[in-house]
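Okay, structure first, notes after.
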Amino acid sequence: AYDFRITGNDAEDAELRFVTCQSLWSQIKAQTEQIQEDLNKQLLDNLLSFLSRSHSEFQEKTTEWTCRMKFREIPTAALVLGVNVTDHDLTFRGLSDVLQDNITPYIALLEAKDCPAIKNLMQKLMGQLMNCDIDVDLLEDEDGVQVSQSRVRCSMSSLVSWYESVTKKTDSETPSKKRNSSSRRWQSPPVVVIFKDMESFTTKVLQDFIVISSQHIHELPLVLIFGIATSPMIIHRLLPHSVSSLLCIELFQSLSCKEHLSTIIDKLLLTSQFPFKLGEKVLQVLINIFLYHDFSVQNFIKGFQLCIVEHFYSQPLSVLCCQPVDIKKRVCALSHHQCENIRRLPSFRRYVEKQESGKQIELLTNDSFLKEETEKLLDDLHVYHENYISILRCLHVFTSSLPKYPLGKQIRELHCACLENRVWETEEYESSLQLARMLNKTDLVTMLQQCVEILMSSSGKQFDKTVEKLKEFLTQFQSLEAEASQERDASVSSQKELQKKTDLYHLQKTLLELKESRKSKKLTKFEMLRFEVVDYIDSLVRKYLLPADDRPLHEIVYFNAAAVLRGHLNAAPRTALHTALNNPHWYLKNQALKCDGGSISNKAPDICIVYKLHLECGRLINLVDWLEAFSTVVMAAEEPNADAASSDQVDDIIHARFIRAVSELELLGFIKPSKQKTDHVARLTWGGC
C-alpha cells in the first residue's frame, strides 16, 4: 500500500503527484483494454459466427441439425488459450459479455474446483442459468410465492422444462415489431456452457455430462465451449471415443501470449503518448518474469502499474512527468526545495559540468533561470522520445529482415539493447550492418519504403530531410534498374563484336582487357548505393538512438529502480514472515511495538512474543519453559494480584493464548511435535534471513 500523505519537504505537490499518477494510469488502463479488445476481436467474431450457425440450425430445423440430432452430436468449440492461465478470466469475461449482447442471455461458466461431481456441476449450471433469466417471476408458483432455487430438482429434464417455459413466456410477451428486429436472438436462443479449465475437470464428470446432454439435444439447443490451456488433444485423452464422438468439435486458436505482449509493449512503451517510461533493467525484470514464470500479460500490466505508483511515490520531481502542454505551468510552480532536488539529479550535474562557467553559476544559484532551462530540457526530452521511437522502428525494419537476428527479432529486444548502452558499439550491431550490406535490391527497396512510411507518420519534426534522402535512394534504385537493362544489352553486343574479330592480335588484346577488369573487381553501382544506404541508416542510429541515461533530467520520467521492483514481484515469504514476527513495528507502524536490541515488548501480538522466544532455543523446545517465559513477558507490565481465584483465571487465559500462538507457529512451519519427548517440540528453521 502506498500512502501519498508524505511528510517533510517531499510532501510538496504530493496531492498533485497522486492525481497525476491516477490520471496517467487511467489513460494507460483504457488503452490496454482497447488493445486487448482489438487483439481478441477476430477470435470473438469467429466464436460468434460458430454459435450463430449452431443457433440458426436449431431454429430452422435444417437437415444438418436433424442429422446432428440423429447422431446426438453437441456443437462444441475447443478454445485453445495457451498456458497463461491467469489471462483466461479476462478472455472469458469478454466472451460472456459479447454473447449476452449478441446471441443469448443463457450462459454458464463452470470451473473444475466447483464441480467435483456431476451433481455439483448440475447445481452450478442451473443456478447460473436461472440467475441469467431476466424474468424473476418464472421462479414463482401459482400463488405468487417465490420458489427457492435450492428446491428445484437439478436434472437435465428440469433444465429442459425450465428452458421451454422461459422461451415460451418470452415469445408471448415480446411485441411483434420487436420480435421482427431481434427474433434470431430471443426465439429459442442457445444455452452456452463454458468449461473454463477443461484439463482440471475429472474424466467421469465430463463423460457423464456429455452423455446426458446428448440425450436431450433435440429439446435443448446446448453449445459447449472448452477452455484449453495445453493442446486440443487433451479432449481425446480425457474422453473415450464413445463420448468424444458425441461432440461436433470446431477448433479456435487465440493469439499467442508472446505476440500479445509484443503488441502491449509496442502500444504502451514505444509511444510518445504517455510521458512515463521504463528503464532498461526494469523492463528486463518484467520481461524475464513473463518469459520464465507465468507468460501472463495481465501480470505484466500489473507490474507496469506498480512501476508507475512506485515512481510517483518515491520521486519528488515526478510532478513534472506530465504531458508537454502542462510542463510550463508545473515548472513555474516549483518551489526552491524542488529546484534543489533538480540540482541534485546526477544527469543534471553532468549537464551543468559541460556548460560554461557563467551558465553554471546561473543554473546553481538562480531559480528562475533554472526553471527556464528545466522547461527547455523537458521539451527536448519529449522530442528525443518522438525521434527515438521513429528511428527505432526504422532500425527494426532492417534488423528483423536479417537471417540470424543478431539484435533480436522482436522490437522489445532491440529497444532493450538501445536503452542499455550505445547500440552501435556492440558486436551484434556490427554483425547486423555486415548482413545488411549483403541484402538484395528487392529487400532494400521494400525496407526503404517501410522507413519512409514510418517517418512520414511520425510526430517528429526533424525528418523532412531524412524522408527526402530516402526517397532519393528509391529513385536511384529505379534508375539503376534501367541502366542494368542497358548494360545487359551492351554486353550482348560486345560479345557479338568479339566473335566478329578474326585478327589474332585484336582478339588477344580484348581478352587481356577483360581479364584485367575482372581482377580489379570494382564495386558495381548497386553495391556502392547499397553501402551508401546502410551507412546513412547507421548515421541516423548514432544520432537519434542515444541511451536515455545520456539525456538530462531523464530521472523525472524514467523508472530505473529494478531492485525495488524485483523485491515487490519476486516474493521472499520467509524473509517477510521473519520481519513481521521479529519486528511487527515494520508493518503495523505502531510506536508501542518498537523495541531496541533483542528486547521483547509485551504489547506485541502473542505469536510475535512466542516466535522471538523460540529463536533463543535449541533444536528441542521445552513447552513448560516456553510457557513460563511467555507468561513472564506478558505479565511484565501488570501488577501482581493477591486474589488467588482471579490469578488462576489469568493463568488460564495466558495458557490459552500461548496454546493458540504455538499452534499458529506450527501452522506456519516453524515447529513440529517431537516423538522423542512428548512435552517438547522440534524447531524447524535455522539461520538468518
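The values are calculated or read from the model by the stated rules, or taken from the named source; none is laboratory data. The model shown is predicted, which means the values in this text are computed figures rather than measured ones. Cβ placement follows ideal geometry from the backbone for every residue including glycine, while neighbour counts extend to all protein chains displayed. Calculation scope for accessible area: heavy atoms of the full protein, side chains included, ligands and nucleic acids excluded. Shrake-Rupley method; radii C 1.70, N 1.55, O 1.52, S 1.80 Å.
Miscellaneous remarks
- When the Cα gyration tensor is reduced to axis lengths a ≥ b ≥ c, the ratio a/c is 1.5 or higher for region 573-683, and with a/b not above b/c it is classed as oblate.
- If you plug the beta carbon distance of K204 and L90 into 1/(1 + (r/R0)^6) with R0 = 30 Å, you get a FRET efficiency near 0.50.
- For the pair S245 and E33, a Förster radius of 45 Å applied to the C-beta separation gives a FRET efficiency near 0.65, rounded to the nearest 0.05.
- Around the Cα centre of region 573-683, unit charges on the Cβ atoms of Lys, Arg, Asp and Glu (plus for the first two, minus for the last two) sum to a dipole of about 800 debye.
- Restraint check, K267/K302; K41/K409; K277/K409; K612/K672, Cα-Cα greater than 19 Å: K41/K409; K277/K409
- Per residue, in Å², the accessible surface of region 216-293 once ligands and nucleic acids are set aside, probe 1.4 Å: 41
- Here region 271-295 is scanned for amide nitrogen atoms under 14 Å from the site 7 Å beyond the Cα of K258 along Cα-to-Cβ, giving 288, 290-293, 295.
- Pairwise label distance in nanometres, Q676 with M528, each label 7 Å out on the Cα-Cβ vector: 9.0
- Label-point gap, in nm, between K404 and S368 - each point 7 angstrom along Cα→Cβ: 6.0
- For the set S214, S431, the ranking by accessible area, highest first and with no ligand, DNA or RNA atoms included, is S431, S214 under a 1.4 Å probe.
- In this structure, the pairs whose alpha-carbon distance is over 25 Å, taken from K29/K376; K441/K471; K168/K196; K119/K168, are K29/K376; K168/K196; K119/K168.
- Förster radius 25 Å - calculated FRET efficiency between Q305 and R53 (Cβ-Cβ, nearest 0.05): 0.05
- Computed extension gain for Q22 through S457, at 0.36 nm per residue and net of the alpha carbon distance, reaches 153.6 nm.
- Subtracting the Cα-Cα distance of N46 and L512 from 0.36 nm times their residue separation leaves 160.8 nm of extension gain.
- Portion, in percent, of the accessible area of region 271-411 that falls on carbon or sulfur, probe 1.4 Å: 52
- Extending 7 Å from the Cα toward the beta-carbon at both K119 and L615 defines two label points whose distance is 5.1 nm.
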